[in-house]
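J.: Mind looking over this structure? Questions follow.
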Amino acid sequence: MLSVKFQEMCEVKKDMNWTQGLYKYVKIPFLIISEFGVKKLTESQKEVFEYIIDERYKMLKPFLITTNLSVDDFKTEIDILPYNRVYDRLTEICELVVMDWELYRQRKKEK
């Protein structure tokens with residue numbers, strides 16, 4: 001299992017051949033991508049996300065994505081192609097769990 005912040009995962013593309021560098025995120029048995037969508041995705045980050053999801057989908061490898069984005073915002077953020085293949089793959093192989101409660105940091109500020 002490997003847990004990685006999305007922004008850190010995307011740094012690989014800058015450092016080396018990106019398919020070679022990203023393969024470590026494809027081959028591990030279970031991947032947790034955290035803090036997805038903290039910042040607006042660049043085209044390069046969308047390519048990274050699409051590659052990892054597509055490869056893990058083909059290999060039937062499980063993963064978990066955490067985000068504070070709403071379902072609609074998430075779908076908009078990963079919209080890579082005119083038809084959203086990545087979102088379709090995610091809904092095909094993933095279980096969406098919406099945790100719709102007050103944010104901890106926001107609650108802490110109000111006290």
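J.: So how many residues does the stretch 27-53 have that are at pLDDT 90 or above and over 9 Å from the mean Cα position of the chain (by Cα)?
T.: Final tally of qualifying residues: 5.
J.: Looking only at the stretch 23-69, how many residues end up being under 16 Å from C94 (Cβ atoms) and among the small types (G, A, S)?
T.: Of the residues in that region, 2 qualify.
J.: Filter the stretch 37-60 down to the residues that are closer than 21 Å to S70 by Cβ and in contact (Cβ under 8 Å) with a residue 40 or more places away in the chain and list them by number.
T.: Across the stretch 37-60, the qualifying residues are G37, F49.
J.: Right, something else. I'd like the full set of residues that are among the acidic types (D, E), under 12 Å from the mean Cα position of the chain (by Cα) and at pLDDT 85 or above, limited to the stretch 54-110.
T.: Initially, the stretch 54-110 is screened for residues among the acidic types (D, E), giving 54-55, 72-73, 77, 79, 88, 92, 95, 100, 102, 110.
The next check asks that each one be under 12 Å from the mean Cα position of the chain (by Cα); those that pass are 54, 77.
Listed by number, the list holds a single entry, D54.
The values are calculated or read from the model by the stated rules, or taken from the named source; none is laboratory data. Keep in mind that this is a model prediction, so the values were computed, not measured. Here Cβ is always computed from backbone atoms with ideal geometry, including for glycine, and neighbour counts include all displayed protein chains.
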